[in-house]
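*Asks:* I have a structure here, written as structure tokens, and I will follow up with some questions on it.
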């Protein structure tokens with residue numbers, strides 16, 4: 001009897017055990033086989049952490065003579081934040097952060113710490129590393145730090161509109177930062193691994209990824225900081241002298257197309273771009289604001305005529321101060337030099353009639369006919385690059401505009417006025433680049449602001465020597481044009497203002513300002529000056545623009561531009577160590 | 001203490017099973033202790049435990065290296081930040097504005113006359 005009971009109990013127990021074992025096996029099968037993916041993902045989410053390794057943005061250098069110097073660098077700054085419910089000693093937190101962070105601390109720290117229903121309150125931004133370490137040493141409960149990289153500008157606002165800025169999202173905007181954003185950005189790395197409770201990456205598991213960041217390229221600009229500073233200073237001083245506020249200047253090397261300086265007024269400080277209220281200040285007018293350049297274009301009309309062999313400097317025409325093209329009468333700005341005069345004299349006095357005559361002689365000599373217009377368009381568009389982007393490495397370049405000779409707007413009157421720089425839109429960069437080709441032997445170089453790169457060990461690698469994109473006029477035509485431009489400057493007082501022993505060439509331009517309602521304003525002008533220095537092998541080309549509003553006189557812009565040119569030119573002759581003749 | 005009992009086999013029987021060389025000792029010893037199934041399980045379990053411990057030791061050691069590597073990474077980042085700060089400070093000290101305002105620059109005078117020599 002007893003054995004039977006024991007046997008029954010044993011069987012019962014066996015059934016229970018087996019049943020439970022089956023339940024366990026089924027449950028484990030469900031969890032580990034059927035639900036494998038779900039639980040694996042869940043585990044990975046808590047155990048595997050993914051961290052982006054930010055790439056260091058490339059630095060930007062300028063030249064200082066022959067040596068690169070830092071113009072834009074990176075600095076790690078910290079955002080100090082609080083988790084209000086976790087803060088135990090508010091008074092100590094406030095005292096420590098105010099002492100260390102100073103002006104970077106928020107005003108109402110006590111109020112922010114009182115917001116205990118929130119878990120994140122920013123107490124200070126852009127805190128330096130040393131200040132952040134000072135706060136860390138105080139070992140404050142509930143206080144955290146977030147590192148950010150920001151651009152710093154050791155030279156202050158120098159070349160601000162060339163540089164551009166990096167916005168809140170880390171993207172370059174305007175200038176070099178915008179134009180070369182992909183080269184400067186580099187590519188972020190990725191660290192994916194199993195971590196412990198302290199977020200320390202562990203070399204466990206087989207899903208670890210360690211892809212290092214590729215830092216951005218360090219770019220060395222062709223801009224020379226000394227020339228840039230001089231250009232900015234000369235522009236500011238002369239504009240101030242003539243009570244003007246709006247002007248630009250570009251200095252370039254005509255032998256390779258490298259930009260040595262580019263400045264505009266008004267300007268802005270890229271380290272405080274967020275304080276700028278007028279977004280137009282971000283534009284670099286030298287490349288992005290096309291305008292009717294006026295008489296500086298006469299040099300290029302002359303280059304066209306010389307290269308085609310249609311006109312020589314000593315050819316003459318009868319100047320009556322007026323000339324009629326179709327139904328329009330074009331007159332000279334400077335009157336009185338009437339009679340039979342040479343084209344050189346017409347250039348010296350900047351006579352519009354002389355250059356309408358030159359345009360006519362590109363065709364049948366009687367009017368600006370189709371052949372004359374086709375020739376002018378070919379040279380202006382195809383040879384000198386007006387109406388096309390130059391391809392400079394700066395964001396926001398504008399192509400300008402010229403009318404096609406077979407279009408309705410491209411008639412004889414338009415092309416007659418184009419001969420002295422009206423009825424066309426061009427940027428200063430386009431004009432300076434074309435002028436450089438005109439006086440350097442006829443070689444057109446693509447303008448550039450990049451001189452080379454710098455590696456992490458501060459080894460400078462210059463770019464390959466620039467090759468001309470095209471021979472746009474002959475060497476002979478260029479030699480004649482260069483001498484004509486020197487003669488123009490000498491005839492207009494250059495001998496008295498240039499350093500003795502140097503040959504400097506230059507040409508003024510005074511353009512009327514188009515009225516949006518039609519025609520031109522009678523009392524507003526934009527004065528320009530373009531010229532070169534350095535003798536038979538010009539070392540620099542300078543172009544200046546100064547806008548004259550209504551109340552300063554219509555010649556104020558031209559006078560200011562001319563003086564800015566002289567100031568910079570005389571300074572450059574010394575700075576570039578150019579020896580005088582004889 | 002383990003006790004071994006010597007016993008002998010005939011040369012023929014030995015030669016039948018294996019070939020021995022001359023003068024080789026043909027005596028063999030056999031333990032009297034027999035291991036039962038439980039002892040086997042315990043031994044296997046012990047071996048598993050020992051191997052497990054070895055694995056854990058190695059894994060812990062690797063993790064400690066991970067901590068060291070993480071510390072070194074932090075130090076590198078910190079030193080890199082310091083280097084950047086110093087470079088920025090260096091650039092600021094050499095900036096045009098600082099150079100212009102330096103005592104050396106202020107004490108400079110404009111040359112009265114300039115002569116050029118040919119190279």
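*Asks:* Return the total of residues in the range A:372-388 being out of contact with any helix residue (DSSP H, G or I) (no Cβ under 9 Å at 6 or more places or on another chain) and either closer than 18 Å to residue A:355 by Cα or outside the structural domain of residue A:440 (by TED's automatic domain parsing) (or both).
*Replies:* Of the range A:372-388, the ones out of contact with any helix residue (DSSP H, G or I) (no Cβ under 9 Å at 6 or more places or on another chain) are A:374, A:381-382.
Among the residues that remain, those that are also either closer than 18 Å to residue A:355 by Cα or outside the structural domain of residue A:440 (by TED's automatic domain parsing) (or both) are: A:374.
Total meeting the criteria: 1.
*Asks:* Could you tell me which residue of the range A:406-420 is farthest from residue A:363 (Cα to Cα), considering only residues that are part of a loop (DSSP other than H, G, I, E, B) and at pLDDT 95 or above? Let's see the steps before the verdict.
*Replies:* As a first pass, look at the range A:406-420 and keep what is part of a loop (DSSP other than H, G, I, E, B): A:406-411, A:419-420.
Next, from what is left, pick out any that are at pLDDT 95 or above: A:419-420.
Values: A:419: 13, A:420: 17 Å.
Top of the filtered list is A:420.
*Asks:* Condition test on residue A:216, is it in contact with a helix residue (DSSP H, G or I) (Cβ under 7 Å, 6 or more places away or on another chain), more than 30 Å from residue A:572 (Cα to Cα), touching a residue at least 60 places away in the same chain (Cβ under 8 Å) and not in a helix (DSSP H, G or I)? So that I can check it myself, show each step before the final result.
*Replies:* On the way: in contact with a helix residue (DSSP H, G or I) (Cβ under 7 Å, 6 or more places away or on another chain): yes; more than 30 Å from residue A:572 (Cα to Cα): yes; touching a residue at least 60 places away in the same chain (Cβ under 8 Å): yes; not in a helix (DSSP H, G or I): yes.
So residue A:216 fits the description; yes.
*Asks:* Does residue A:223 satisfy the condition of being within 14 Å of chain B (Cβ to nearest Cβ) and surrounded by 18 or more Cβ atoms within 10 Å (Cβ to Cβ)? First the steps, then the outcome.
*Replies:* Details: within 14 Å of chain B (Cβ to nearest Cβ): yes; surrounded by 18 or more Cβ atoms within 10 Å (Cβ to Cβ): yes.
Criteria met by residue A:223.
*Asks:* Looking at A:202, A:140 in this structure, which one is crowded, with 17+ Cβ neighbours inside 10 Å, farther than 30 Å from residue A:452 by Cα, free of Cβ contacts under 8 Å to residues at least 40 places away in the same chain and in contact with a helix residue (DSSP H, G or I) (Cβ under 9 Å, 6 or more places away or on another chain)? It would help to see each step written out before you state the result.
*Replies:* Numbers: A:140 fails: free of Cβ contacts under 8 Å to residues at least 40 places away in the same chain.
Going through A:202, A:140 in turn, just one is crowded, with 17+ Cβ neighbours inside 10 Å, farther than 30 Å from residue A:452 by Cα, free of Cβ contacts under 8 Å to residues at least 40 places away in the same chain and in contact with a helix residue (DSSP H, G or I) (Cβ under 9 Å, 6 or more places away or on another chain): A:202.
*Asks:* Continuing with the same structure: Looking only at the range A:61-86, count every residue that is under 27 Å from residue A:138 (Cβ atoms), surrounded by fewer than 21 Cβ atoms within 10 Å (Cβ to Cβ) and more than 14 Å from chain B (Cβ to nearest Cβ) and tell me the total.
*Replies:* 6
*Asks:* Does residue A:262 satisfy the condition of being within 17 Å of residue A:221 (Cβ to Cβ) and in contact (Cβ under 8 Å) with a residue 24 or more places away in the chain?
*Replies:* Values: within 17 Å of residue A:221 (Cβ to Cβ): yes; in contact (Cβ under 8 Å) with a residue 24 or more places away in the chain: yes.
Spelling it out, residue A:262 is indeed within 17 Å of residue A:221 (Cβ to Cβ) and in contact (Cβ under 8 Å) with a residue 24 or more places away in the chain.
*Asks:* What are the pairs, 6+ residues apart or on separate chains, where a residue within the range B:34-58 that is more than 27 Å from residue A:203 (Cβ to Cβ) has its Cβ under 9 Å from a residue that is part of a loop (DSSP other than H, G, I, E, B)?
*Replies:* Close Cβ pairs satisfying both conditions: B:43/B:35.
*Asks:* Among the helices (runs of 4 or more DSSP H) contained in the range B:37-119, which hold 3 or more residues that are exposed (fewer than 12 other Cβ atoms within 10 Å of the Cβ) and within 12 Å of another protein chain (Cβ to nearest Cβ)?
*Replies:* Values: elements: B:37-93, B:96-100, B:103-106.
The qualifying helices (runs of 4 or more DSSP H) are B:37-93.
*Asks:* In the range A:379-396, is there at least one residue being surrounded by 21 or more Cβ atoms within 10 Å (Cβ to Cβ) and touching a strand residue (DSSP E or B) at 6+ places or on another chain (Cβ under 6 Å)?
*Replies:* Yes, there is a match, as at least one residue in the range A:379-396 is surrounded by 21 or more Cβ atoms within 10 Å (Cβ to Cβ) and touching a strand residue (DSSP E or B) at 6+ places or on another chain (Cβ under 6 Å).
*Asks:* Tell me the strands (runs of 3 or more DSSP E) entirely within the range A:445-534 that contain at least 2 residues that are under 21 Å from residue A:248 (Cβ atoms), in the same structural domain as residue A:246 (by TED's automatic domain parsing) and in contact with a strand residue (DSSP E or B) (Cβ under 8 Å, 6 or more places away or on another chain).
*Replies:* Filter on the range A:445-534 gives A:504-514, A:520-533.
*Asks:* Do we find a residue being within 14 Å of chain B (Cβ to nearest Cβ) and in contact (Cβ under 8 Å) with a residue 24 or more places away in the chain anywhere in the range A:165-188? Full working, then the answer.
*Replies:* At the first step, the residues of the range A:165-188 found to be within 14 Å of chain B (Cβ to nearest Cβ) are none.
Scanning the range A:165-188, I find no residue that is within 14 Å of chain B (Cβ to nearest Cβ) and in contact (Cβ under 8 Å) with a residue 24 or more places away in the chain, so the answer is no.
*Asks:* Considering each of A:233, A:228 in turn, give the residue that is in a helix (DSSP H, G or I), over 29 Å from residue A:469 (Cβ atoms) and within 14 Å of another protein chain (Cβ to nearest Cβ). Step through it out loud before you land on a result.
*Replies:* Working: A:228 fails: over 29 Å from residue A:469 (Cβ atoms).
Unique residue meeting the criteria: A:233.
The values are calculated or read from the model by the stated rules, or taken from the named source; none is laboratory data. Please read these numbers as outputs of a predicted model, since none were measured by experiment. Note: ideal-geometry Cβ built from the backbone for every residue, glycine included; neighbour counts use all protein chains shown.
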